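A quick write-up on the structure given underneath.
Values in this text are rule-based calculations from the coordinates and carry no lab data. Predicted model, so just to flag it, every value in this text is computed and none were measured. So basically every Cβ, Gly included, is an ideal-geometry build from the backbone, and we count neighbours across all protein chains shown.
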Amino acid sequence: MHVHLDPVGGVAGDMFVAALLDAWPELTEELPPLLAAAGLPDSISVQCLPWSDQGLQGKRYQVSDIAEEQRHSHTPFRAIRERLWNSALPVGVKTRAVDIFTLLAQAEAQVHGIAVDEVVFHEVGAWDSIADIVAAAFLLESLPIDSWSVSALPLGSGRIRTAHGSLPAPAPATVLLLQGFVVQDDGRDGERVTPTGAAILKHLAPAYRPPAQAMVMGRTGIGFGARHFDGMPNILRLFALEPAARRHTDEVAVLQFEVDDQPAEDLALGLEKLRNLPAVIDVIQLPAFGKQGRLATQIQLLTQPEALDAVIEQCFLETSTLGLRWQFVQRSVLERQMAEYDAGERQIRVKIARRPQGLVTAKAELRDVAPVGGFTERARLRRQAEQTVLNRREHDDD
């Protein structure tokens with residue numbers, strides 16, 4: 001799965017978490033015990049609330065009941081790192097959260113000309129920022145996201161108030177974290193990308209654009225920020241994208257000819273021998289009318305291009321045709337794989353294909369059930385094999 005971020009209003013830690021929870025609301029209930037495992041005090045509550053602005057609906061992630069001294073606490077980076085490593089959080093969540101904080105600390109160290117372990121966080125050291133980063137780490141670790149992309153980031157302008165006084169927006173640490181990202185000035189001032197938001201983006205290492213291949217739109221999310229903009233929603237949009245279909249393109253040779261003077265039983269035998277050639281992909285026969293209204297059989301073969309001459313020779317050998325036509329054509333083939341179903345006395349091969357819009361189909365090989373007597377029993381056995389393989393695949397994906 002690929003996720004694309006559209007920073008309409010900007011990117012902040014709470015906006016990122018809210019957008020993910022809007023797209024995957026089933027993960028919301030897992031946050032309170034997780035944040036408790038991170039060491040958040042009982043006095044702090046976390047909510048993901050329905051939110052609306054400028055006619056849009058989404059979610060707002062809020063960390064509330066924070067005392068004023070906690071909002072402006074000064075916390076050394078090494079203390080946060082130690083607290084996270086010693087917490088009861090899952091290892092993957094710890095690793096991601098520490099990495100995001102480390103990226104922040106490295107940027108702050110460069111700005112102030114000090115060692116990383118000497119960095120003391122001010123705004124970022126408060127509990128709300130810790131809750132943002134731990135929640136982001138948990139969601140990233142929980143979701144099967146393979147890659148990320150983000151549109152041009154709004155640069156912002158003006159001044160922001162910090163523990164170091166009034167600083168230009170974006171903050172110096174944010175500027176360092178956003179090196180290499182595409183930015184734009186949309187004419188609106190203020191802090192549009194926060195240090196926490198920038199560190200999360202740095203951790204994701206997103207591309208600028210989504211993949212060029214055709215994609216299917218899946219879940220979407222909208223995360224609202226704390227600020228209000230006149231005439232524009234302060235949101236971060238999220239789009240989850242899946243490949244339209246896993247397929248590849250290759251070249252095959254197509255051979256065509258007609259037969260009107262070979263006994264039907266002998267033609268069937270000859271065509272079966274052609275089907276069994278290793279390079280032949282498929283053989284199709286159709287009724288046709290030839291010269292003087294004579295009933296004929298039209299034959300079409302698909303074969304690997306490198307075996308064209310050998311297959312032509314076999315066509316002349318196994319049928320009575322005096323000439324044939326051939327051409328190379330391009331084909332698109334869905335990704336498929338072969339699974340097996342144990343039916344006791346026999347193994348049944350089942351071909352699995354991924355189709356557009358995430359649809360997965362299965363087809364049992366008829367030859368593997370051919371020895372079974374009766375159409376009804378063969379059909380039942382094929383359905384059982386196909387459904388079992390599909391159920392097994394869904395279980396493995398989970």
**OP:** Starting from the Cα gyration tensor of the chain, multiply each eigenvalue by 5, take the square root, and state the resulting semi-axes largest first in whole Å.
**Re:** 63, 24, 18
**OP:** Among P211, P243, L255, flag the residue with its Cα farthest along the positive direction of the charge dipole of the chain, charges on Cβ as +1 for Lys/Arg and -1 for Asp/Glu.
**Re:** L255
Original post:
Which lysines does K363 reach when only Cα atoms under 27 Å apart count, and residues fewer than 8 places away in its own chain are ignored?
Top reply: K273, K351
**OP:** Just rank L34, L20, L27, fewest to most, by other beta-carbon atoms within 10 angstrom.
**Re:** L27, L34, L20
**OP:** Would you list, by chain and number, the aspartates and glutamates whose Cα falls below 12 Å from the Cα of K94, excluding same-chain residues fewer than 8 positions away?
**Re:** E82, E141
Original post:
Expressed as a whole percent, how much of the Cα-Cα distance distribution for segment 247-334 exceeds 17 Å?
Top reply: 46
Original post:
Relative to the present Cα-Cα distance, how much length would full extension add between R209 and E272 at 0.36 nm per residue of separation?
Top reply: 17.6 nm
**OP:** Please name whichever of G13, A88, S166 sits farthest to the positive end of the charge dipole of the chain, dipole taken about the Cα centre and charges placed at Cβ: Lys and Arg +1, Asp and Glu -1.
**Re:** G13
**OP:** Please get the size of the charge dipole for the chain, origin at its Cα centre, with Cβ charges of +1 on Lys and Arg and -1 on Asp and Glu, quoted in debye to the nearest 20.
**Re:** 480
**OP:** Under 13 Å Cα to Cα from K291, which aspartates and glutamates show up? Leave out anything in the same chain fewer than 8 places away.
**Re:** E258, D260, D261
Original post:
Rounded to the nearest 20 Debye, what is the dipole magnitude of segment 336-397 about its Cα centre when Lys and Arg each give +1 and Asp and Glu each give -1 at the C-beta?
Top reply: 320
**OP:** Using a 10 Å cut-off on Cβ atoms, rank the peptides 328-339, 142-153 from the highest mean neighbour count down.
**Re:** 142-153, 328-339
**OP:** Could you tell me whether segment 116-205 comes out rounded, prolate or oblate from its Cα gyration tensor? Rule is a ≥ b ≥ c as square roots of the eigenvalues, rounded for a/c under 1.5, then prolate if a/b exceeds b/c, otherwise oblate.
**Re:** oblate
Original post:
Helix-derived [θ] at 222 nm for the chain: sum -39500 (n - 2.57) over DSSP H runs of at least 4, divide by residue count, nearest 500?
Top reply: -10500 deg cm²/dmol
**OP:** Mind giving me the FRET efficiency for A115 and M1? R0 is 56 Å, r the Cβ-Cβ distance, nearest 0.05 is fine.
**Re:** 0.90
Original post:
What is the Cα centroid distance between segment 95-149 and segment 196-251, reported in whole angstrom?
Top reply: 21
**OP:** For a quick protection proxy, order the peptides 219-225, 347-353, 127-133 by their average other-Cβ count within 10 Å, most packed first.
**Re:** 127-133, 219-225, 347-353
